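Colleague: There's a structure below that I have some questions on.
Coordinate-derived values only; no laboratory data. Predicted model, so just to flag it, every value in this text is computed and none were measured. Ideal geometry is used to build each Cβ from the backbone, glycine not excepted, and the neighbour counts take in all protein chains shown.
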There are 2 protein chains.
Amino acid sequence: MATIYEVAALAGVSPATVSRVFNGQNVSAEKAKRVREAARSLSFTPSRVARTLRMQSSEVIALVIPDIENPFFTSMARGVEDVAQAAGYSVVLCNSDEDHGKEARYLDIAISANMAGVILAAAGDNCDLSGLIERKRPVVAVDRSPHGFDIDAVTVENRAGGRAATTALQKQGFQRIACITGPRDVETATQRADGWRDAVRPTGPVEERYLKYADFRVDGGHKAMHELLEMAEPPDAVFVANNLMGVGALQVLSPRVGTAPAMGMAVFGDLPFAAMAPMAITVIPLPARHLGVTAAKLLLDRINGDDQPPRTIVLRNHAA
Amino acid sequence: MATIYEVAALAGVSPATVSRVFNGQNVSAEKAKRVREAARSLSFTPSRVARTLRMQSSEVIALVIPDIENPFFTSMARGVEDVAQAAGYSVVLCNSDEDHGKEARYLDIAISANMAGVILAAAGDNCDLSGLIERKRPVVAVDRSPHGFDIDAVTVENRAGGRAATTALQKQGFQRIACITGPRDVETATQRADGWRDAVRPTGPVEERYLKYADFRVDGGHKAMHELLEMAEPPDAVFVANNLMGVGALQVLSPRVGTAPAMGMAVFGDLPFAAMAPMAITVIPLPARHLGVTAAKLLLDRINGDDQPPRTIVLRNHAA
DNA sequence: GTTGACGGTGAAATCGATTTCTGACAGGGT
DNA sequence: ACCCTGTCAGAAATCGATTTCACCGTCAAC
């Protein structure tokens, strides 16, 4: 593993000069040429580790997401990547798997690897960003914004979207609308459920037994849907608060199409590779990619020294 | 950002002692306690960068995949992660986006960041691993194995799977079976097409016009399916060589169900969130997660000094 | 002809850990 | 009393870049 010293020795110059060649500083044409040749012949790759240690920062940003198997987050990741790459930054993806421990470990790595910044879709409301903040590493929250830290955030209109989805079901004539949402300690889950309550309240008492807290995953949606169907008086429609649980619910409902009374269904967030469901579904589209793009721009601004007070950007739930 | 020196000063010991405390070496109980307290009160996080520079390796492994939006690869990633985490390694995901340039950049980062190893699902057959190999960094190829480098690889039975899928269609009575496969420079694409040829040949001349090379993505499958349907004598069934193109083909075929003559369809790899297609589809299941698990184990072995000759492990296409 | 500015260069300090080397000291065996 | 072994701990070297500082020429200005 060739080092800058070996290159310097071969080219007959000092290490400082080699460094200058690679960082575009003034070096005489002739020495620059010798250095480049030496570097090539040794297949020299400058050590990012040494560079990062000296510079106290690297051109890598961490994107921490709770579920790498959810197309919503991967689509967001693509948005982040495109912006970051264009600005010369690399993105490393960290999958926290909805696990606070893993998440904390990745945040630790971001700190101790001197990463330039972090974009975080937190596993829960209570995550500890104090380490990053103390060290003045920029953090942008996306999709979900953690409690207790005043940082940049990019979110969507969760409550309004939940309301809109439920209202759409009402307009279709459904009377007993249930709601399957995510974990209680995740902001997007409670806000979307609040939207459901908003829409249901004017039509009568809010039936909390029609509200199921699940885990934002396929199996959770599956299980919750089953529970709803097994109730004494089952709902006639359901608002599902994210895409994967929507898939889970569909797995339950699809086989019943034609045999059981039709159920209404609305989903918050685009169904993955959809267009194949055997029933009409109301979808509140989610600008996943755009969330990523916006968060990445925000983060890059901070990295470049922008220090205005933290902003929260709320995107509309329009299709991109 | 507290350093080991500040901790040492506060605890009244030398930096060496602080290091020893955190690395489980012999230190008197009393000094160890002082060090821990000092570390806590300064919220000290040891710099991975400095550590990595000195140790010449880190506990991070890179997983480079060509398409983060393909559930096959994310499922594989989960397998890798689970094994790596259990062994104390962190995984960073790098999305090469089927782009050789980005891929090369990520491999460079793996080298210059002193990562412990790389698991690579290459964007194409011709990727340059010489940098990693020269520096003796372990690399494991997964799903696809690059040409010209003798390294560990974990693959599936592509040709046999392609043959099985096509044969299944024949057994269902289809006569003119087309094939939609991936790029010419991707091994899995050509091997699966070879399997198709194997099955078709005994029944008559291999109609190469029924073979479409696409890009392993939804849109590519969509476009290829369209082209097939517009032929003078369209096929009556299609074998699609990966999951996403299968989705694309389905997008074309689904609306025709009931109106046009039934088409047969077989797909190599599990359809994402499937079970919702309006037609029978033969699926050759792909042990995505298991691929990841196996690759990770192989890589960990290498990292731990195993230096037997490179192995290629071929997994069966059984459901996990 | 002196002064100043400026481009080019190398020596050496620096980033923050780990690790070798070395010495101090305690305890056990003869 | 002496030697040997072993534990504990600090000083200093090390990893490989970047960057400051100092110095040397050269050239233009006055």
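Colleague: Out of every Cα pair in segment A:158-284, what percent are spaced more than 26 Å from each other?
Modeller: Distances greater than 26 Å cover 9 percent of the Cα pairs.
Colleague: Just the number: Rg to Rh for segment A:32-171, Cα atoms, Kirkwood Rh, two decimals.
Modeller: Ratio of gyration radius to Kirkwood radius for segment A:32-171: 1.12.
Colleague: One decimal, nm, shortest first: give the distances between the label point of B:ARG197 and those of the same position in the other copies, each label point 7 Å from Cα along Cα→Cβ.
Modeller: Computed spacing set for this position: 6.5 nm.
Colleague: At A:ALA87, with labels set 7 Å past Cα in the Cβ direction, how many nm apart are the copies from this one, shortest first?
Modeller: In ascending order, 3.5 nm.
Colleague: Can you compute the charge dipole magnitude of the protein assembly as shown about its Cα centre, using +1 on each Lys and Arg Cβ and -1 on each Asp and Glu Cβ, nothing else charged? Give it in debye, rounded to the nearest 20.
Modeller: For this selection, approximately 1060 debye.
Colleague: When only alpha-carbon atoms count, how far does segment A:164-239 stretch along each of its three principal axes, as whole angstroms with the largest first?
Modeller: That gives 28, 27, 19 Å along the principal axes, largest extent first.
Colleague: Which value, to two decimals, describes the C-alpha radius of gyration of segment B:215-258 once divided by 2.2 N^0.38 Å?
Modeller: 1.06
Colleague: Here's a follow-up. For chain B, with only Lys/Arg (+1) and Asp/Glu (-1) charged at the beta-carbon, what is the dipole magnitude about the Cα centre, in debye rounded to 20?
Modeller: 1060 debye
Colleague: Take segment B:4-46, drop everything but the C-alpha atoms, weight them equally and run the Debye formula without solvent; then report log10 I(q)/I(0) at 0.15, 0.19, 0.22, 0.25 Å⁻¹ to two decimals.
Modeller: -0.25, -0.42, -0.57, -0.74
Colleague: Once you have all Cα-Cα distances for chain B, histogram them in 20 Å bins from zero and send the whole-percent values.
Modeller: 29, 43, 20, 8, 0
Colleague: Dipole magnitude of segment B:158-284 about its Cα centre, charges +1 at Lys/Arg Cβ and -1 at Asp/Glu Cβ only, in debye to the nearest 20?
Modeller: Here segment B:158-284 has a charge dipole of around 220 debye.
Colleague: Select from A:HIS226, A:LEU250, A:THR167 the residue farthest towards the positive end of the dipole of segment A:158-284; place +1 on Cβ of Lys and Arg, -1 on Cβ of Asp and Glu, and compute about the Cα centre.
Modeller: A:THR167
Colleague: Next up: Any idea what the B:PRO15 label distances to the other copies are, label 7 Å down the Cα→Cβ vector, nm, shortest first?
Modeller: With the label placed 7 Å along Cα→Cβ, B:PRO15 yields 1.6 nm.
Colleague: Another question, if that's okay. Rule-of-thumb check for segment A:24-104: C-alpha Rg over 2.2 N^0.38 Å?
Modeller: Working it through for segment A:24-104, the quotient is 1.61.
Colleague: Can you tell me the Rg and the Dmax, both Å, for the Cα atoms in the protein assembly as shown?
Modeller: Calculated on Cα positions, Rg and Dmax stand at 27.3, 87 Å.
Colleague: For segment A:232-294, how big is the tail of P(r) above 20 Å, as a whole percent of Cα pairs?
Modeller: So the portion of pairs separated by more than 20 Å is 29 percent.
Colleague: Separate question: Report relative contact order for segment A:4-46 in percent, whole number only (criteria: Cα-Cα under 8 Å, sequence separation at least 6).
Modeller: Relative contact order comes out at 44 percent.
Colleague: Need one value for B:91-98: mean number of C-beta atoms belonging to other chains within 10 Å of its residues' C-beta atoms.
Modeller: 5
Colleague: Something else: Divide by every residue of chain B the summed helix terms, -39500 (n - 2.57) for each DSSP H run of at least 4, and state the resulting mean residue ellipticity at 222 nm, rounded to the nearest 500 deg cm²/dmol.
Modeller: -13000 deg cm²/dmol
Colleague: Under the √(5λ) rule applied to the eigenvalues of the Cα gyration tensor, what semi-axes describe the equivalent ellipsoid of segment B:177-219? Give them in Å, descending.
Modeller: 19, 11, 7
Colleague: Give the Cα extents of segment B:116-185 along the principal axes, in whole Å, largest first.
Modeller: Taking max minus min along each principal axis of the Cα atoms, segment B:116-185 gives 54, 19, 16 Å.
Colleague: Averaged across A:46-58, how many Cβ atoms of other chains sit within 10 Å of each residue's Cβ atom?
Modeller: Shielding by partners across A:46-58 averages 5.
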